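A short write-up of the structure that comes next.
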Amino acid sequence: MVTVLNRNAELRQRAWDAAASVVDPEIPVLTIADLGVLRDVVLDGDHVEVAITPTYSGCPAMNMIALEIELALERAGFGRPSVRTVLSPAWTTDWMSEEGRRKLRAYGIAPPQASNSRRALFGEQAVECPQCGSGNTELLSEFGSTSCKALWRCKACREPFDYFKCH
Amino acid sequence: MSVANIQVSETPQVLYALRRADDALILGHRLSEWCGHAPMLEEDMALSNIALDLIGQARELYTYAAKIEGKDNDEDKLAYLRDVRQYRNLLLVEQPNGDCAQTLVRQFFYSAFADLYWRAMMNSRDATLAAIAAKSEKESAYHLRHASEWIIRLGDGTEESHARAQAAIDYLWAFSGEMFAVDAGERSLIHAGIAIDPEGLRDRWLNTVTGVIGEATLTLPQNDWMQQGGRVGRHSEHLGHLLSELQSMQRTFPGLTW
């Protein structure tokens, strides 16, 4: 009995590790575990079901991520895995891990801030430049190259940079 | 050649979801018409991003509508295989893009409502609607900020931009009242705690709108006669043209997939 439980725990861990290794196709330094998109891995016999939560409603990366999860699990030896999308509770950038934030900054993207600044209609946001660390930055465009990012510029080092919007 | 329209069993709850899904899809489609045509790159990205958010919201709402309907329909059939008279969106969102001012005033009126609406819907007793609301609320806040900044920039800009923004407000104003209309079916959902009463949002909506429009040195029309019909399938001439483009692939090649 104990052996079976151990085997299940070990299998589930292997499935989790495989799913957790999938990266965001648009920000390849972040895994879906870093993002907080990976919610659950359920093992039923030899069948694996992975639960993920969408980031932005229209994020086109979600389909790609679901496909990559299936491929990763099959490579890890799990036949016919399935991916389920859960809407509740809704994903928030607060779920991004510290490790994820650190990797984002190193990649040149300013990580999301705490959510209280978002509501202000014309409120000032203070975003730190991921290149030089200066807080002397300005918003260039509320919407950037993907749905999760805004375009900013650092007035100290003059570098433009992406900011992962708080959501 | 054409494909038969699907039939939808419009129970109050299915209809409720369908109306909001249609709003999001049609407005998202309108905004996507700007892709590659906006006057500057940042704006091209902004309008396309907002379109993407709205189409994403539409997908979730269609999927939900199909699930509670419990028939053979799905998000694609609901979007691609209903004709004009089966669409339930607000007249506001199907109005043509016109110039930038018209596109942004349309967005501003809608987003100022959507922002309040989705925030209130986070308390819906329906867990799926509450979850969709939690995502949409955050997106709407960005949409509203973007549109508001443009209204001020245009209104308080040049003589030309001011005149265009004012003309857009005068044209679109009569379509704003439909957002607050409620029929008997929706009233029952409001009582059940599934939907919220939009009437309760009107004062705050008007506050946001008059605040921004005042700062933009523009004025709201005095007339309060409001055009309605979209919610029951009586649309302006514009929606048919829009759908003929949106649906052309599925109508021409039934069941086409990527």
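Give the percent of DSSP beta bridges with both residues in the stretch A:2-91 that are antiparallel, rounded to the nearest 5.
In the stretch A:2-91, DSSP labels about 65 percent of beta bridges as antiparallel.
Please give the length that would be gained between residue B:42 and residue B:207 if that part of the chain were fully extended, namely 0.36 nm times their separation in residues minus their C-alpha to C-alpha distance (nm, one decimal).
Once the chain is fully extended between residue B:42 and residue B:207, it gains 56.5 nm.
At q = 0.07, 0.09, 0.10, 0.11 Å⁻¹, what is the base-10 log of I(q)/I(0) for the protein assembly as shown according to the Debye formula with one equal point scatterer per Cα and no solvent? Please give it to two decimals.
Here the Debye-derived log intensity ratios amount to -0.37, -0.61, -0.75, -0.90.
Need one value for A:159-166: mean number of C-beta atoms belonging to other chains within 10 Å of its residues' C-beta atoms.
Counting Cβ atoms of other protein chains within 10 Å of each residue's Cβ and averaging gives 1.
Counting only other residues whose beta carbon sits under 11 Å from that of residue B:73, what net charge do I get with K and R as +1, D and E as -1?
Cβ neighbours under 11 Å give a net charge of -1.
With springs connecting C-alpha atoms under 10 Å apart, model chain B as a Gaussian network and identify which of B:212, B:105, B:93 has the largest mean-square fluctuation.
B:212
How high is the FRET efficiency between residue B:217 and residue A:71 when r is their beta carbon distance and R₀ equals 41 Å, given to the nearest 0.05?
It comes out at approximately 0.15.
What residue among A:65, A:90, A:13 has its Cα farthest toward the positive end of the dipole of the stretch A:2-91, where the charges are +1 on Lys, Arg and -1 on Asp, Glu, each on the Cβ?
A:13
Which shape class, rounded, prolate or oblate, goes with the stretch B:26-145 when its Cα gyration tensor gives a ≥ b ≥ c as root eigenvalues, a/c under 1.5 marks rounded, and past that a/b bigger than b/c marks prolate?
oblate
May I ask for the angle, rounded to the nearest 10°, between helix A:61-75 and the longest principal axis of chain A, with both axes built from Cα atoms and the value confined to 0 to 90°?
Helix A:61-75 and the main axis of chain A meet at about 30 degrees.
Enter the angle in degrees (range 0 to 90, nearest 10) between the Cα long axis of helix A:2-20 and the first principal axis of the Cα atoms of chain A, meaning the one along which they spread out most.
Here the helix axis deviates by roughly 30 degrees.
Taking only Cα atoms and a 10 Å spring cutoff, compute GNM fluctuations for chain A and point out the largest among A:37, A:86, A:50.
Maximum fluctuation in the GNM of chain A, among the listed residues, is at A:86.
Give me a single rounded figure for B:46-53: the average over its residues of other chain Cβ atoms within 10 Å of their Cβ.
For peptide B:46-53, the averaged partner shielding equals 5.
Counting Lys and Arg as +1 and Asp and Glu as -1, what is the net charge of the other residues whose Cβ lies under 14 Å from the Cβ of residue B:98?
Within the 14 Å Cβ shell, the charges total -1.
Taking 22 Å as R0, compute the FRET efficiency from the Cβ-Cβ separation of residue B:234 and residue B:197 and round it to 0.05.
Efficiency computed from Cβ-Cβ geometry: 0.40.
Looking at the stretch B:27-64, which GluC sites (Glu not before Pro) are in a loop (DSSP not H, G, I, E or B) and have at most 16 other Cβ atoms within 10 Å?
Hits after loop and neighbour filter: B:33.
Pairs A:103/A:165; B:67/B:135; A:165/B:67; B:71/B:135; A:165/B:77: which exceed 25 Å Cα-Cα?
Among A:103/A:165; B:67/B:135; A:165/B:67; B:71/B:135; A:165/B:77, the Cα-Cα distance tops 25 Å for A:165/B:67; B:71/B:135; A:165/B:77.
Quick one: length gained pulling residue A:4 to residue A:20 fully straight, 0.36 nm per residue minus the C-alpha distance?
Fully extending the segment from residue A:4 to residue A:20 adds 3.4 nm.
Determine the shielding of peptide B:120-130 by partner chains: average, over its residues, the number of Cβ atoms on other chains within 10 angstrom of each Cβ.
Averaged over the peptide's residues, the number is 1.
Using only Cα atoms, find the angle between the long axis of helix B:100-121 and the longest principal axis of chain B, and express it within 0 to 90 degrees, rounded to the nearest 10.
It is inclined by approximately 60 degrees.
We did not get these values from a lab; they are worked out from the coordinates using the rules stated. Everything quoted here is computed from the prediction, not taken from an experiment. With ideal geometry, Cβ positions are generated from the backbone for all residues, glycine too; neighbour counts draw on all protein chains shown.
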